[in-house]
Amino acid sequence: MPVTGPASLSSFSTLFVFLIFANVAVLVTPKSTIEPCSNSNSCNALLGYTLYTDLKVSEVASLFQIDPISLLTANAIDISYPDVENHILPSQLFLKVPITCSCVDGIRKSVSTRYKTRPSDTLSLIADSIYSGLVSSDQIREANSISDPSVLDVGQNLVVPLPCTCFNGTDNSLPAIYLSYVVKPVDTLAGIASKYSTTITDLMNVNAMGSSAIDAGDILAVPLPACASNFPRYASDYGLIVPNGSYAITASHCVQCSCGPGNLKLYCMPASLAVSCSSMQCRNSNLMLGNVTAQQSSAGCNVSACSYGGFVNSSIVTTLSASLQPRCPGVQQFPPLIAPPSSVIKDSTFAPAPAPQSDGAISPTSSVVPSTSSLPGFNPANAPAGSASGVSAARSLMNPIDILPAVVTLLLFVKLMIFPSL
């Protein structure tokens, strides 16, 4: 005969509480990859940002407290375009936003961004629309100790904690810079890997994923091949790293460095905006910064180059080098510059990665073997040091509305088990 007394009620209550906490545990998984850190150094990183409305270049830069010129060069947009900072960029344009990634409270993130609230703002609007899902409303609330998220003072300055990763500026021991990419509903891991010239396995390792499944709103750390500098530690631009196919501005807008195409060797030259700059001529030479001369001889090709060595005490350091190479170098190739976009073109350089079209064949992701080390706190095989949390079905913090259906279902289950005749 079934027991229906207090002991049975207690056991069902225990089961009910356990199931509630099980649902909570599932929903409290991180939204983005977490990289633990223990020092105060910082690195260059990128954010994948989709404009929520038409904005001027300067307005986009202001949202992230960055230099408008650095935003343009990161996307290979021609900075010599007339009045380029006031050019209006179209809604839904995808941009790579350069930021500084710091170590804060033991994890990597950017906290240099501040947002001044407007009359119609809510935390959800700021997180999901204005910052394109790069942060959650709960993260903003916690970062600013907001007790009542329904009450925001107009003109209030909010810290916006944005996701970023460093992983020592390498991926599989090669220079890389990491893009924080918000997964779109049409995305697949295969599509993202193809767009950014990486592999499904590498993405899974970097993000500590147990499977190739991704959900809209997840934030993936995507490694981009890059050209790394070797400037001395005392240089103000020490650690400069430039993603392949783009540019970076440095030395107070005096020097512009590029990466690729065709190789991963950093090439720096005077910037087109260079004014009031210190000398860029190599000592004991007629060569200027970026100049290369080559002279063929019977022994090979004698190559002389004037290279950039960093920005030290407001001065541009140049280095003259001479070498004998088997062949003379060809003409320096540069990433192609584009005019500031005025419209969003499907499948353009800035478009989100499209999902591969199904043709009935087996999905390319089906042959990928999931990482065997996907437990929280353990790095997946071959992942950069510090990789920790997976992103599938990820959300930064629990939203009570999300668990309401589960709670209602559990209450009905308990009622039927305890009072079947009611």
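The values are calculated or read from the model by the stated rules, or taken from the named source; none is laboratory data. All of these numbers come straight from a predicted model, not from anything done at the bench. Glycine also receives a Cβ, built like all others from the backbone with ideal geometry; neighbour counts cover every protein chain displayed. The area values use the complete protein model at the heavy-atom level, side chains included, leaving out ligands, DNA and RNA. Shrake-Rupley method; radii C 1.70, N 1.55, O 1.52, S 1.80 Å.
Extension gain for A216-R233 works out to 2.1 nm (0.36 nm per residue, less the C-alpha to C-alpha distance). All distinct Cα pairs of the range 209-309 go into the 1/r average, and the inverse of that average, the Kirkwood radius, is 16.3 Å. Distances between placed amide hydrogens fall under 5 Å for I338 paired with I77, D78, all partners being 5 or more residues away or on another chain.
Residues whose amide H lies under 5 Å from that of T318, counting only those 5 or more places away or on a different chain, are G309; hydrogens are built 1.01 Å from N in the peptide plane. Is any residue of the range 175-201 close enough, with backbone N under 20 Å, to a label point placed 7 angstrom from the Cα of N41 along the Cα-Cβ axis, and if so, which? Answer for this model: 175-179. With all protein chains kept in place, the per residue accessible area of the range 67-140 amounts to 38 square angstrom at a probe of 1.4 angstrom.
Computing Rg and the Kirkwood Rh from the Cα coordinates of the range 153-221 gives a ratio, Rg/Rh, of 1.08. Which FRET efficiency value, to the nearest 0.05, do you get for A299 and T199 by plugging their Cβ-Cβ distance into 1/(1 + (r/R0)^6) with R0 = 51 Å? Computed FRET efficiency for A299 and T199 comes out at 0.75. Taking 7 Å steps out from each Cα toward its Cβ at S58 and Q332 produces label points 3.1 nm apart. The length gained on full extension between Y81 and V186, counted as 0.36 nm times the residue separation minus their Cα-Cα distance, comes to 34.4 nm. Our coupling estimate for the range 331-337, obtained by passing each phi through the Karplus curve with A = 6.51, B = -1.76, C = 1.60 and θ = phi - 60°, is 5, 4, 9, 10, x, x, 8 Hz, Gly and Pro reported as x. For the listed peptides 142-150, 174-182, a ranking on the average number of other beta carbons within 10 Å per residue, highest first, reads 174-182, 142-150. Label-to-label distance, T100 versus D148, with points set 7 angstrom from Cα along the beta-carbon direction: 3.7 nm. Over the range 185-315, accessible surface divided per residue gives 45 Å², non-protein components excluded, 1.4 Å probe.
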